[in-house]
Amino acid sequence: MSFKVNEHVTWVGKIDWELRKFHGEELSTHEGSSYNSYLVRGNDKTVLIDTVWGPFAKEFVENLKKEIDLNEIDYIVANHGETDHSGALPELLREIPGTPVYCSKAGVKSLSGHYHEDWNFQPVKTGDKLDLGGKELIFIEAKMLHWPDSMFCYLTGDNILFSNDAFGQHYASEHMFNDLVDQCELFREAIKYYANILTPFSKMVSAKIKEVVGMNVPVDMICPSHGVIWREDPLQIVNTYMEWAAHYQENQVTIVYDTMWDGTRRAAEEIARGIGEANDDITIKLFNAARSDTNDIITEIFKSRGIVVGSPTINKGMLHSISALLDIAKGLNFEQKKASAFGCYGWSGESVKLVNEMLTDAGFELINEEGLRMLWSPDQEAVAAANAYGNQIGKALA
Ligand code: FEO
């Protein structure tokens, strides 16, 4: 499969309809994904930008041969070394050895580290150009968006920004343009992608966008390396990224709990009721961490101004679905969000203190330093305490 992006650019990637986990088993991809590779033809030179994930290498090269005689590819650009984009380089470079591979300086390290091949690397930095005849490809380093080696490139004349992972979505669609797909699906996947992958790099996202906007070049299209191409109002995703990068919050609180014998679940539901009684504007969402998709919960946390986290005590600790979630949250480095803890116990009762410690360590501001601890299954008095605790949280988030 291939299709024309415009007169000079052809998409030659792979739509991965079946992908359900990415980064090993770390990230859920309910809607599949795509690995976008672009063939750009100038008047004199032809360049291939990125390839596809390794399992599709043979299919990719065979497909590419239907589009072009491989010997007519003058240059390869590897905007990023992660193997979902570089995975077909070994297969391709066996066919056209010696073809120059343009990448960032860190890209040489990354590609060498992944493949241990002596390829014809041509390291580039921001502002370096490739003359294709009638148009140029300008390189823009994009360090930590989201790896040290990440890079964008901009095609003059056609005014296309090839942004690699930035502005992408794990979203397989037969309609590969933003104006042809369901907008709710598109933005649901775009925000999940940002929340789970780009949140820790938000400061770099803002700075890089300001740098690119400061170049004062027209952008008619943004071609990311995953998901659909932004051709209708392409700057909408740039502006949305600026919002997401600036401590994004909706008027939402997310309650996440796990439970053994339903005590902590009952408390979660009463806390939800208490929040709603004290704050009738706020959207309240409630998840059992063990039964819900972790990355979907992370997306809800990203959207929230506060979270409430509950676990009963087990073996002097907390249930592992909660500790794992909080460990992921710490890595994502959320900022300017409030949090509160609760949980049931039968005897030692350490979980709430430990949840509070993990929340603090992850950068959340505690609404209540003590949290809510409930001995045994909540009785009428404990249910009233959970409701009052919810009231306090609802007011704190107003
Ligand atoms: Fe899509 Fe960072 O790889």
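Some observations on this one:
- Residues of region 200-236 that turn out to be in a helix (DSSP H, G or I) and either under 17 Å from Val9 (Cα atoms) or away from the ligand (no atom under 16 Å from the Cβ) (or both), as a count: 12
- Only residues that are within 35 Å of the chain's Cα centre (by Cα) and at positive phi were counted across region 344-395, and they come to 2.
- Residue in region 61-116 that is nearest to the ligand (Cβ to nearest atom), counting only those that are closer than 12 Å to Leu48 by Cα and among the aromatic types (Phe, Trp, Tyr): Tyr102
- When region 158-186 is limited to residues that are farther than 21 Å from Asp220 by Cβ and assigned to a helix (DSSP H, G or I), the one that is nearest to the ligand (Cβ to nearest atom) turns out to be Glu185.
- Selected residue (only one of Asp220, Asp258, Asp262 is assigned by TED's automatic domain parsing to the domain that holds Ser34 and either of a type in the set (D, E, K, R) or surrounded by 21 or more Cβ atoms within 10 Å (Cβ to Cβ) (or both)): Asp220
- Exactly one residue out of Ala289, Ala267, Ala245 is free of Cβ contacts under 8 Å to residues at least 40 places away in the same chain and in contact with a helix residue (DSSP H, G or I) (Cβ under 8 Å, 6 or more places away or on another chain), and it is Ala289.
The values are calculated or read from the model by the stated rules, or taken from the named source; none is laboratory data. Every value quoted in this text rests on a predicted model; they were computed, and no experiment measured them. All Cβ positions, glycine included, derive from the backbone under ideal geometry; neighbour counts span all protein chains shown.
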